[in-house]
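Here is the structure we will look at.
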Amino acid sequence: MRQQAAPKHARELLRAARLILDAKIWSVAYANAALALEEVGKAALCTSILPMPDYVRQAEVDAFAWAE
């Protein structure tokens, strides 16, 4: 299931962050935790755009593509 990829990846990154934190490698643990938070945000953005009307969704996609 592709829609589960971001939350699953976030859980894996958070688990890794906790294990690395136990090893007292603070910077790498922090980086993994930050990446986990980014994955949660990605999942939220993806699910928030789904109920939008097509014309609004397309305008958001076009605006994003222009920013790249």
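Of all positions in the range 6-14, at least one carries a residue that is open to solvent by 70 Å² or more (accessible area, probe 1.4 Å), touching a residue at least 24 places away in the same chain (Cβ under 8 Å) and closer than 22 Å to Phe64 by Cβ. For the range 23-30, the condition of being loosely packed, with under 12 Cβ neighbours inside 10 Å and either of a type in the set (Gly, Ala, Ser) or in contact with a helix residue (DSSP H, G or I) (Cβ under 7 Å, 6 or more places away or on another chain) (or both) holds for at least one residue.
Of all the numbered requirements in (1) open to solvent by less than 80 Å² (accessible area, probe 1.4 Å); (2) of a type in the set (A, V, I, L, M, F, W, C); (3) part of a helix (DSSP H, G or I), Met52 misses one, and that requirement is (3).
The values are calculated or read from the model by the stated rules, or taken from the named source; none is laboratory data. As the structure is a computational prediction, the values presented were derived from the model and not from experiment. So basically every Cβ, Gly included, is an ideal-geometry build from the backbone, and we count neighbours across all protein chains shown. Ligands, DNA and RNA are excluded from the accessible area calculation, which covers all protein heavy atoms including side chains. Shrake-Rupley method; radii C 1.70, N 1.55, O 1.52, S 1.80 Å.
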